[in-house]
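Novice: What follows is a single structure, and I will ask about it in a moment.
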Amino acid sequence: METLEAQRVGLDAGDVSSRELVTRAVARARELADRLNAVVGLREEAACAEAAEADERHVRGQLRSPLDGIPLVLKDNMVQCGEPTTCASRILENFVSPYDSTVVERLRSAGAVIIGRANMDEFAMGSSTEHSIFGPSRNPWDTDRTCGGSSGGPAVAVAAGITPFALGSDTGGSIRQPASFTGVVGMKPTYGRVSRWGLVAFASSLDQIGPFAHSVRECAWILREIAGHDRRDSTSLPFPVPDFAEALTGDVSGLTIGLPREYFVEQGADPEVLALVRAGVAELESAGAKVVEISLPHTGYVVATYYLVATAEASSNLARYDGARYGRRASGVTNLEQMYRRSRSEGFGAEVKRRILLGTYVLSAGYFDAYYRKAQQVRTLVRGDFERAFEECDVIATPTCPEVAFEIGAKTDDPVSMYLGDIYTVSANLAGLPGISLPCGLVRGMPVGMQMLGRAMDENTLLRAADAFQRRTDHHARRPPEFS
Amino acid sequence: MNRQPLARYEVVIGLEVHTHLKTESKLFSPAPIRYGDKPNHNVHPIDLGMPGVLPVLNREVVDLAIRLGLATHAVVNKRSVFSRKNYFYPDLPKGYQISQYEEPVVSDGWIEIEQSTSAKAPAKNAASVADTVSKRIGITRAHLEEDAGKSIHDAAVAGSDDTHVDFNRAGVPLLEIVSEPDLRSPAEAGAYLRSLRSILRYIEVSDAEMEKGQFRCDANVSLRPRGSEQLGTRTELKNINSFANVEAAITAEIARQAAILDDGGEIVQATMAYDPETGRTRVLRLKENADDYRYFDDPDLIPLIIGDEQIEQVRAAMPELPEQKRERFQSEYGLSDYDARILISNRALADFFEQATRAGGSPKSVANWMSRDLLRELNECDLELEQAAITPAALASLIELVAEGRLTAKSARDLLPDLVREGGEPEALMQRRGLEAVSDSGLIDGVVGEVLAANAALVESIRDGDDKPLNFLMGQVMKATQGKANPGEVRRKLIEKIRG
């Protein structure tokens, strides 16, 4: 009973109470803390009280949504009033938010029960959940390997059956890549679909909140509850939210799937990963979809472009952590310069510092045009690539990552090779498009994700294709042997 | 030789004015704007730069920016963009200020200043418009930005040697209005500031009170030899906090630069501060250490798009501008150009005039009393009209008392200082001070008789056709009645008695 859908059925049938689900989730989080380190903060008492309310609603027949009474964890970068939000950073280790994020408000009105906060790379910077004051989270398929990142904690929570769903944030693949590494579904909606109010910013023009679950249908339910226009986020899109689950007809006839020529080159990618993705696409083809080859000619520039834009924005977004108003202030400082220097030197980890330095550099006088402005121009070209591609197809299928989960520590000394692993995911953030990663098989015992990308605001078509794949396959029903 | 630097050098001045916009809430947060509240009482998580907060533009400011654009004959840009100006300071909560950089909301405007041709500085409340020329000063741009908080270093306030920060002001909307380097003297700079402030108040964009920090000015100053076309190296005078100091600071900076140039030295680009105590300017920091603000478009905000329709709506609802008011005062009230110019020179004067007129004062008398006596009195008390206790109704009734002959013009002028300082009812004040005009014919007749008797020789020469001594005799009568007799009546009676 570890999927959202199974828990829904159990609650509706009265076979289980929300109290029980929440208690079990909390217990499992504790039980797996040492081995997986997925959940870094629990709010057991509050969660149990909220579960009791959900159970009362069940008795009165006042179900708020399909999520009512179901436990989840939030990546530790979405604020909840009265609760800590650390972003896995020393600089925020004692920060307690005075306000709620929009997603927290919406989850509450949906009746979902947040049991705690999940691990991540510090300030969402990383692809392995190794850069965390809480230490690395581990992959339940092989605890010597990373779970991906930066939303590693939420992915592991779902993969290891702690909670049936979770929310993460995706700036360059931070939902899709850990979903791929841990064998769950992870979705990044269209930029602007889910409000960023209360999401601690990494790179504002790229960040987007999205769900982790075991099935596409569950993701559709979750998205329906958290999406929608929000006046508190100026970049939030003022469009109505469809009932995404209604679009899941299972029918892909007439649907055209594009395979980007530039993504299926074996240089730098694991051939077995590419083969599984091709097999996944073939499955949809046999179900009636048309498959065409497309071209995304600026693919070679996307990683560089992404790291210029993301670090530039991050250098500015993280300036507020200065030791002056909240968060960590270095002790024993005697002047302002020292307060800034020491608080930030002690408070930020190496990867965050690296990105602040990079971003500060690319925005500096004399370098701005060559780096930041140029990156913005390339970003426009990348958008153009997708616009042209979507004239020829309805969804694009690619690998989520060039390889399966790597070993913990394997890339910590080689940030560039870590960055290059983002090659397939960053484009969707640069172009603001929705993307989803689906389990599509195992390579050497480790999960592989197939990524599908859709047109902006057309999550319906994307989810329909992804759901059709899951109706015909059972990759998503596989569980890590030691944690099922 | 240092005495008159402007005889040898031409000064080139450009001003940057930061003015608080008159809105209910802040530029990007719903926190209220109230002056004088306890520190950190008007703050929202947005104003503190809490993790996860996002700015949302207060739409109120857009109309105000359009108003300023229209009032300064400027272009209201259909698209403008908010950028981040990145620097660290404790009163800057996010580590960046949201401002407009490459694409401001308003550009390419101008305003007119009235500049006295005489050397005398214009009066505080109104330009002396007798000998003035008007000059057009270009406005390069005006852009929206958020104000910072306030650092409090004062141990008495902060309660210790620590620095404390008050974020009540953080996020208050500002328009930064940048002039072209069109100003050629400290007096012109002063006139520009007064004119700009007057416009801002007229169009209700800002209260522009310098003492409250709502209207702040930086001045860029450079000198060049007279006749030269090439601009000299400029320095920037920061945060000049009063009107008086603007002209004094620029004058001091001119003197400093002239002394360097006279000695064959070079001006170094720098940020300067003016010390009113010493009357000198000093270097705050050199520009070669110029900060790199790493401006880039704020990804949390979308471009500000302004449609023609919105501009036309604002235009239709625009409060009357000074020039329009001057024309109306001439046509509606029959005022002279001179009086009308004085009265429109600031919004408070114009409103006071119209209120006094509505309270029954004849427009011409009200204008006369205001442009001469009232303004002189305000200047003597060093008060702005808004700070004075006199009400428009009080001025109207003072004028009425004179018109009725119950108060002589001289006595009325004597009452003015009290009315300005303490307020009150002119009639009651007149009675309390015993200044009511003598209307007792018998009494005046008696005094006239005495004066004529004591000056028989003069009476004779008047009878012989020399009118000159008449004024002396009048003076004697007025003196004997302590100025309370009606001068017209005294003159009539004197002539009656002399000519028989």
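The values are calculated or read from the model by the stated rules, or taken from the named source; none is laboratory data. Note that the structure is predicted; figures quoted are calculated from it, not measured. Positions of Cβ are backbone-derived with ideal geometry, glycine not excepted, and every protein chain shown enters the neighbour counts. The accessibility values were calculated without ligands, DNA or RNA, using every heavy atom of the protein model including side chains. Shrake-Rupley method; radii C 1.70, N 1.55, O 1.52, S 1.80 Å.
Novice: Peptides B:420-432, A:126-138: what's the order by average Cβ count within 10 Å, highest mean first?
Specialist: Values: B:420-432: 15.8, A:126-138: 25.5.
Going by the mean number of other Cβ atoms within 10 Å, highest first, we get A:126-138, B:420-432.
Novice: Let me ask something additional. What net charge is computed for the residues neighbouring A:Phe95, neighbours being all others with C-beta under 14 Å from the C-beta of A:Phe95, Lys and Arg scored +1, Asp and Glu -1?
Specialist: Net charge around A:Phe95: +1.
Novice: Work out, step by step, the length gained on full extension between B:Glu386 and B:Ala348: first 0.36 nm times the residue separation, then minus their alpha carbon distance; give nm to one decimal. Walk me through the numbers on the way to the answer.
Specialist: Working: separation 38, 0.36 × 38 = 13.68 nm, distance 0.68 nm.
Going from the current span to full extension adds 13.0 nm.
Novice: If you keep only loop residues by DSSP, which trypsin sites (Lys or Arg not before Pro) in the stretch A:66-134 have at most 12 other Cβ atoms within 10 Å of their Cβ?
Specialist: Working: sites: A:Lys75, A:Arg90, A:Arg106, A:Arg108, A:Arg117; in loops: none.
Hits after loop and neighbour filter: nothing returned.
Novice: Next question. Along the stretch B:458-475, what does the Karplus equation 6.51 cos²θ - 1.76 cosθ + 1.60 (θ = phi - 60°) give for ³J(HN,Hα), rounded to whole Hz, x for Gly and Pro?
Specialist: Values, residue by residue: 5, 4, 4, 5, 5, 4, 7, x, 9, 7, 4, x, 4, 5, 4, 5, 4, x Hz.
Novice: For the stretch B:32-56 and the stretch B:410-430, compute the distance between their C-alpha centroids and round to whole Å.
Specialist: Cα centroid of the stretch B:32-56 versus Cα centroid of the stretch B:410-430: 46 Å apart.
Novice: Restricting everything to alpha-carbon atoms, can you work out Rg to Rh for the stretch B:359-500 with a Kirkwood hydrodynamic radius?
Specialist: On the way: Rg = 17.8 Å, Rh = 16.6 Å.
That ratio is 1.08, to two decimals.
Novice: Classify the stretch A:116-255 as rounded, prolate or oblate from the Cα gyration tensor: take a ≥ b ≥ c as the square roots of its eigenvalues, call it rounded if a/c is under 1.5, otherwise prolate when a/b beats b/c and oblate if not.
Specialist: Working: a/c = 2.17, a/b = 1.28, b/c = 1.70.
Oblate, since a/c reaches 1.5 and b/c is not below a/b.
Novice: Could you tell me how far the Cα centroid of the stretch B:190-213 sits from the Cα centroid of the stretch B:313-388, in Å?
Specialist: Cα centres, the stretch B:313-388 to the stretch B:190-213: 17 Å.
Novice: Using the Cα atoms of chain B to build a convex hull, what is its mean projected area in square nanometres? Walk me through the intermediate numbers first.
Specialist: On the way: hull surface 126.6 nm².
One quarter of the hull surface, i.e. the mean projection, equals 31.7 nm².
Novice: Would you tally the net charge around B:Ala317, using a Cβ to Cβ cut-off of less than 12 Å, leaving B:Ala317 out, and scoring K and R as +1, D and E as -1?
Specialist: On the way: positive: B:Arg67, B:Arg315; negative: B:Asp63, B:Glu204, B:Glu312, B:Glu320.
Result for the local shell: -2.
Novice: Given a cut-off of 24 Å, name the pairs among B:Lys22/B:Lys150; B:Lys364/B:Lys410; B:Lys212/B:Lys364; B:Lys410/B:Lys468; A:Lys353/B:Lys85; B:Lys78/B:Lys150 whose C-alpha atoms lie farther apart than that in the structure shown. Walk me through the intermediate numbers first.
Specialist: On the way: B:Lys22/B:Lys150 19 Å; B:Lys364/B:Lys410 18 Å; B:Lys212/B:Lys364 35 Å; B:Lys410/B:Lys468 22 Å; A:Lys353/B:Lys85 20 Å; B:Lys78/B:Lys150 33 Å.
Too far apart for the 24 Å limit: B:Lys212/B:Lys364; B:Lys78/B:Lys150.
Novice: Average partner chain C-beta neighbours within 10 Å, per residue of B:89-98?
Specialist: On the way: counts 4, 7, 1, 4, 6, 5, 10, 5, 0, 0.
Taking the mean over all residues of the peptide, I get 4.
Novice: What is the spread of the Cα atoms of the protein assembly as shown along each of their three principal axes, largest first, in whole Å?
Specialist: Principal axes ranked by extent give 136, 76, 59 Å for the Cα atoms.
Novice: Give me the one-decimal nm value for the distance between modelled label points at B:Gln324 and A:Glu337, 7 Å along each residue's Cα-to-Cβ direction.
Specialist: The two pseudo-label positions are separated by 5.4 nm.
Novice: Once you have all Cα-Cα distances for the stretch A:7-165, histogram them in 10 Å bins from zero and send the whole-percent values.
Specialist: 12, 40, 33, 13, 1
Novice: Could you check how much of the accessible area of the protein assembly as shown is carbon and sulfur, as a whole percent, using a 1.4 Å probe? Don't jump to the answer; show the numbers that get you there.
Specialist: Values: 18860 of 39010 Å².
Here carbon and sulfur together make up 48 percent of the probe-accessible area.
Novice: Is there a simple number for the mean count of other chain Cβ atoms within 10 Å of the Cβ of residues in A:95-106, and what is it?
Specialist: On the way: counts 2, 0, 4, 4, 6, 1, 3, 2, 0, 0, 0, 0.
Partner Cβ neighbours, averaged per residue: 2.
Novice: Quick one: ranking B:His44, B:His153, B:His143 by accessible area, 1.4 Å probe, largest first, what do you get?
Specialist: The residues order as B:His153, B:His44, B:His143, largest area first.
Novice: Looking at the stretch A:273-382, which trypsin sites (Lys or Arg not before Pro) are DSSP coil and have at most 16 other C-beta atoms within 10 Å of their C-beta? Walk me through the numbers before you get to the answer.
Specialist: Values: sites: A:Arg278, A:Lys290, A:Arg320, A:Arg325, A:Arg328, A:Arg329, A:Arg341, A:Arg342, A:Arg344, A:Lys353, A:Arg354, A:Arg355, A:Arg373, A:Lys374, A:Arg379; in loops: A:Arg325, A:Arg328, A:Arg329.
Those that pass, being in a loop and sparsely packed, are A:Arg325.
Novice: Oh, and also: Report, for the protein assembly as shown, the % of DSSP beta bridges that are antiparallel, rounded to 5.
Specialist: 85
Novice: How shielded is B:299-312 by partner chains, expressed as the average number of their Cβ atoms within 10 Å of its Cβ atoms? Can you show the working numbers first?
Specialist: Numbers: counts 13, 9, 3, 2, 0, 0, 0, 0, 0, 0, 0, 0, 0, 0.
The shielding value for this peptide is 2.
Novice: Also: Tell me the volume per residue, in Å³, of the convex hull enclosing the alpha carbons of the stretch B:1-101.
Specialist: Values: hull volume 21.0 nm³, N = 101.
Normalising the Cα hull of the stretch B:1-101 by residue number yields 208 Å³.
Novice: Okay, moving on. For the ranges A:445-451, A:476-482, what's the packing order if you count other beta-carbon atoms within 10 Å of each residue, average per peptide, and put the highest first? All intermediate terms of the calculation are to be shown ahead of the outcome.
Specialist: Numbers: A:445-451: 25.4, A:476-482: 15.3.
Put in order of decreasing packing, that is A:445-451, A:476-482.
Novice: Report P(r) for the stretch B:320-432: all Cα-Cα distances, bin width 10 Å, range 0 to the bin holding the largest distance, values in whole percent.
Specialist: The distribution over the stretch B:320-432 is 15, 50, 30, 6, 0, given as percents.
Novice: Could you tell me whether the stretch B:441-499 comes out rounded, prolate or oblate from its Cα gyration tensor? Rule is a ≥ b ≥ c as square roots of the eigenvalues, rounded for a/c under 1.5, then prolate if a/b exceeds b/c, otherwise oblate. The partial results should precede the final answer.
Specialist: Details: a/c = 1.74, a/b = 1.69, b/c = 1.03.
In terms of gyration-tensor shape, prolate.
Novice: Over chain A, with a single point scatterer placed on each C-alpha, what log10 of the ratio I(q)/I(0) does the Debye formula yield at q = 0.11, 0.13 1/Å?
Specialist: Here the Debye-derived log intensity ratios amount to -0.83, -1.18.
Novice: Spin-label point model (7 Å from Cα, Cβ direction): what's the A:Glu293 to B:Arg224 distance in nm?
Specialist: That separation, rounded to one decimal, is 6.5 nm.
Novice: Output ³J(HN,Hα) for the stretch B:63-70: one whole-Hz value per residue in order, computed from phi by the Karplus curve 6.51 cos²θ - 1.76 cosθ + 1.60 with θ = phi - 60°, and x for Gly and Pro.
Specialist: Calculated HN-Hα couplings, in order: 4, 5, 5, 4, 4, 4, x, 5 Hz.
Novice: Could I ask something else about it? Just need the Rg to Rh number for the stretch B:162-233, please, alpha carbons only, Kirkwood Rh.
Specialist: Numbers: Rg = 16.3 Å, Rh = 15.0 Å.
Across the stretch B:162-233, the Cα-based Rg/Rh ratio is 1.09.
Novice: For the protein assembly as shown, what does the accessible surface come to per residue with a 1.4 Å probe? Please give it in Å².
Specialist: 40
Novice: Shifting gears a bit: How many square angstrom of accessible surface are buried between A and B, both sides summed, with a 1.4 Å probe and rounding to 100?
Specialist: 2700
Novice: For the full complex of protein chains and a 1.4 angstrom probe, list B:Arg347, A:Arg8 by accessible area with the highest value first. Don't skip to the end; give the middle numbers.
Specialist: Details: B:Arg347 55, A:Arg8 15 Å².
Sorted descending by solvent-accessible area, the residues read B:Arg347, A:Arg8.
Novice: Relative to the longest principal axis of the C-alpha atoms of chain B, give the angle of the C-alpha long axis of helix B:392-403, reported between 0 and 90° and rounded to the nearest 10°.
Specialist: That works out to roughly 20 degrees.
Novice: Taking amide hydrogens as modeled 1.01 Å from N in the peptide plane, which residues meet the under 5 Å criterion relative to A:Gly41, leaving out close sequence neighbours?
Specialist: Those qualifying (amide H under 5 Å, at least 5 residues apart or on another chain) are A:Arg117.
Novice: Bin all alpha-carbon pair distances of the stretch A:190-347 at 10 Å intervals from 0 and give each bin's fraction as a whole percent.
Specialist: Going out from 0 Å in 10 Å bins, the stretch A:190-347 shows 9, 20, 28, 25, 11, 6, 1, 0 percent.
Novice: Using only Cα atoms, locate the centre of the stretch A:261-291 and the centre of the stretch A:382-440, then give the distance between them in Å, rounded to an integer.
Specialist: Here the answer is 14 Å between Cα centres.
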